[in-house]
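What follows is one structure encoded as structure tokens, with my remarks underneath.
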Amino acid sequence: MSDALTIEEAIEEFLYDTGSKKQDRTRRTYQTALNHFKTFLERSQVPLHRPVSVLTIKHGAEFGTWLVNSHFGANKVKPTTLRTYLTGVYRFYRFLLLRAYADISYIELERLHEEYGEYGRIKRRLPRHVDDEVIEAIIASARRVAPATGDTPAARRQELRRLRNIALIETLRSTGARVGELANLRRGDLEYNRRRARVRAESTKGVSERYVYFDGKAWAALTAYLQARADGGGGRALSEYPVFARHSRNAGRQVLPLSTWSIQKVVRRLGQQADRIDTHITPHAFRHWFATRMQRSTGNLAVTQDALGHRSPETTRIYARVDDKEIQQAHKEAFEEK
């Protein structure tokens, strides 16, 4: 969870993450719901510029009461409209849980669902499954960019962006790390002899640490990028440099960390350039893909949970979706005659 992310920014990220252009109507509906939620927060003395980590399940529960009793008041609202608004806020809280942006437990989310259920049935949706072909298309999109030529500062920045994007996409694929964890990663967190990195997740209960691991392709892409940067000098320890940096004219000679939003934009742009019809892809989709692949390979939910840095196996179970074909095959093996 990143304390730098505000409530307003988290809502914007959620709305972007809602879906592709085919789901613009859903996004607009949720935007209306969250506009009501923002009004409620401001009237509850919770400014939208505050860190999203201040949000609790209590805010969500009180929003339902406020929406019915205070906001709409004597004005009649269709039950379907009310349920739609509550569904939008519920899914926003689920988004906060999955991204670890707020200190919310799976049990608390279930309780919110039950409380909202008093107003009618609240729809729940599984995360969109991302298959291997999508991940491969995004990686190919990054790798087919031609190397920059020339010795000008602009050409050097262009080449560093190319190498960084390859390293970033391969890291997302290989590690299952959160976007905020990658944005906060420093060179001192890398362990070259074990091909792993120490990442940190902050919450109101403190800071938790874990290791994420790189495969050969990801590690090679990362080391190639860092070698091309040639960091050092200026009285700054090498260990303090960010792993993923900005390479823009505005940054100048400074080595500034890439923000979470910038990482989102990089992935989005590569998705738009990929050879696929549905180009709506986010960094978090890599995390879902990683969880499913890890669970399918190991069959061990505890290993997958620790690899993702989840506190609760229920959260991991949301991520690690079992493919329908696997269920069908398991059923066949269990019940059909040999």
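The values are calculated or read from the model by the stated rules, or taken from the named source; none is laboratory data. On a predicted model such as this, the values are computed, not experimentally measured, just so you know. When we count neighbours, we look across all protein chains shown, and the Cβ atoms used for this are built from the backbone with ideal geometry, even at glycine.
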Mind checking which residues of the range 169-188 are over 14 Å from the mean Cα position of the chain (by Cα) and in a helix (DSSP H, G or I)?
-> Glu170, Ser174, Arg187, Gly188
Do we have Arg194 as surrounded by fewer than 23 Cβ atoms within 10 Å (Cβ to Cβ) and in a helix (DSSP H, G or I) here?
-> no
Those residues of the range 295-307 which are farther than 20 Å from Arg200 by Cα and surrounded by fewer than 21 Cβ atoms within 10 Å (Cβ to Cβ), in sequence order = Arg296, Ser297, Thr298, Gly299, Asn300, Leu301
Only residues that are surrounded by fewer than 20 Cβ atoms within 10 Å (Cβ to Cβ) and among the aliphatic types (A, V, I, L, M): list them for the range 42-56, please.
-> Val46, Leu48, Val54
Go through the range 138-185 residue by residue and tally those that are hydrophobic (A, V, I, L, M, F, W, C), closer than 19 Å to Pro257 by Cβ and free of Cβ contacts under 8 Å to residues at least 24 places away in the same chain.
-> 0
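Taking Arg156 as the residue in question, decide whether it is more than 26 Å from Ala33 (Cα to Cα), basic (Lys, Arg) and modelled with pLDDT of 85 or more. Steps first, please.
Details: more than 26 Å from Ala33 (Cα to Cα): yes; basic (Lys, Arg): yes; modelled with pLDDT of 85 or more: yes.
Considered against the rule, which asks whether it is more than 26 Å from Ala33 (Cα to Cα), basic (Lys, Arg) and modelled with pLDDT of 85 or more, Arg156 comes out as yes.
This table checks each residue for (1) in a helix (DSSP H, G or I); (2) more than 27 Å from Ile11 (Cα to Cα); (3) touching a residue at least 24 places away in the same chain (Cβ under 8 Å).
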site: Leu226; (1), (2), (3): yes, yes, yes
site: Gly233; (1), (2), (3): no, yes, no
site: Arg249; (1), (2), (3): no, yes, yes
site: Arg253; (1), (2), (3): no, yes, no
site: Trp261; (1), (2), (3): yes, no, yes
site: Lys265; (1), (2), (3): yes, no, no
site: Arg269; (1), (2), (3): yes, no, no
site: Ile281; (1), (2), (3): no, no, yes
site: Phe290; (1), (2), (3): yes, no, yes
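Each row is one residue, and each column tells you yes or no for (1) touching a Phe, Trp or Tyr at 6+ places or on another chain (Cβ under 9 Å); (2) at pLDDT 85 or above.
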{"residue": "Thr292", "(1), (2)": "yes, yes"}
{"residue": "Thr298", "(1), (2)": "no, yes"}
{"residue": "Ile327", "(1), (2)": "no, no"}
{"residue": "Glu333", "(1), (2)": "no, no"}
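Among the listed residues Arg164, Arg210, identify the single one that is touching a strand residue (DSSP E or B) at 6+ places or on another chain (Cβ under 9 Å), assigned by TED's automatic domain parsing to the domain that holds Ser141, in a helix (DSSP H, G or I) and charged (D, E, K, R). Please lay out each step first, then the result.
Numbers: Arg210 fails: in a helix (DSSP H, G or I).
Matching residue, one of Arg164, Arg210: Arg164.
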Meets criteria (part of a helix (DSSP H, G or I) and modelled with pLDDT under 85) for Thr26 = yes
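Which residue out of Ala221, Ala274, Ala228 is buried (at least 16 other Cβ atoms within 10 Å of the Cβ), at pLDDT 90 or above and not polar (S, T, N, Q)? Give the steps one after another, and end with the answer.
On the way: Ala274 fails: at pLDDT 90 or above; Ala228 fails: buried (at least 16 other Cβ atoms within 10 Å of the Cβ).
The conditions single out Ala221.
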